[in-house]
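Reading through the structure tokens given below for one structure.
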Amino acid sequence: MKKLFALALVCALCLGSAALAAEWGEGLSPAKPYQGVPEVNLNEKFGYFVVYPSQKKDGRMYARYFCDVLEVYMPDEGVEIGSGTVTLWDADSQPVCVLDVTDPAQAELRPMEEDEMNWMMWGSGVCLELFLPVSLEMNKEYYVTYEEGILTTNHGNVKCQRIPYDSTRPAIEQYWSPMLAGDFGISGLYYSAPAEEEPAEDGEEAEATAEATAEATAGPKYKPAKGDLVNFDIVLGGDAAAAVVYSENNSVFFEIPEYTESGHVTGTVIGDDVTWGVVFVDADNNPVVIDPNTEERAVFTMNPLDRTAGETEIE
């Protein structure tokens, strides 16, 4: 399986002629990661960074197919977790989730892997991963704000500059506006505890019971356990004529395994090692090719108990 890394620069950077290797080229460093950009005094400023979702267009940063992790890549290995929150907002300026960077279930700062540094053409770096309790919904606008101090550095305890939140500005004009876009994909994935069954009732009592049931199943949970539910929407379109949901180790049961129309999917966790996936197929029942250069196919594997950025893999 091959990890999918779709990354783009926050700023318009000139890549120059840096070699594709996990080492700094001549004249380059965490303070000046690319030719053509000014060197930053890391004792005074936070420095350069790159965000995912990527593919910047019209102010938005796009992901494709599926996204449940927001990432911030930084070439300075002196960065450390500080304190504070990151908030994901919808286009109506309503908070979708608030993530505490001091909670390891919600945020993690890790060294960049070698293939990530090769992609960036950096010789060093760290990645802040922000784990969303509910994955991005397809073709829905969001934007991100964060508090000062969520990250610090050992160059004089520099505070991270806050992305300003201004409710008078449309989401498309915000600094970081992630979006899951495309003809097909996995939308709004979350895990939840099952609702307690109630006896059938009539009239107002039945309506109240239905509301209580919906609230009980709302979730979300970061780590599903036996008996919990897997909830998400299948979105079909483009080359994807159908989708098949599966669990190779039979840890998740899906009553309806195949979908030829877009719709909601619910599965039940029945095993300890929770692993499941989705395959999008074309009209000839072949997995959809999403990158003809690498022949990557739309076969997604989910490992929520060992959830880190990139663990959602594509064949």
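Please treat every number below as a calculation from the coordinates, not as lab data. Nothing here was measured: the structure is a model prediction, and the numbers come from that model. Cβ sites come from the backbone with ideal geometry, for glycine too, and all protein chains shown count toward neighbours.
Here the Karplus relation 6.51 cos²θ - 1.76 cosθ + 1.60, evaluated at θ = phi - 60°, turns the backbone of the stretch 290-297 into coupling constants of 9, 9, x, 6, 10, 6, 5, 10 Hz, with x for every Gly and Pro. Other residues whose C-beta falls under 10 angstrom from the C-beta of Gly238 contribute a net charge of -3, scoring Lys and Arg +1 and Asp and Glu -1.
Within the stretch 81-120, the GluC sites (Glu not before Pro) that combine a DSSP coil assignment with at most 16 other C-beta atoms in a 10 angstrom radius are Glu113.
The amide H of Val126, built 1.01 Å from its N in the peptide plane, has Met74, Asp76, Met112 as neighbours under 5 Å, considering only residues 5 or more places off or on other chains.
In this structure, Glu255 and Glu23 have a Cβ-Cβ separation that, at R0 = 35 Å, corresponds to a calculated FRET efficiency of about 0.10.
Fully extended, how many nm does the chain gain between Thr266 and Ile81 (0.36 nm per residue separation, minus their Cα-Cα distance)? Could the numbers behind the result be given before it?
On the way: separation 185, 0.36 × 185 = 66.60 nm, distance 3.57 nm.
Stretched out fully, the Thr266 to Ile81 stretch lengthens by 63.0 nm.
For the listed peptides 89-98, 261-270, a ranking on the average number of other beta carbons within 10 Å per residue, highest first, reads 261-270, 89-98.
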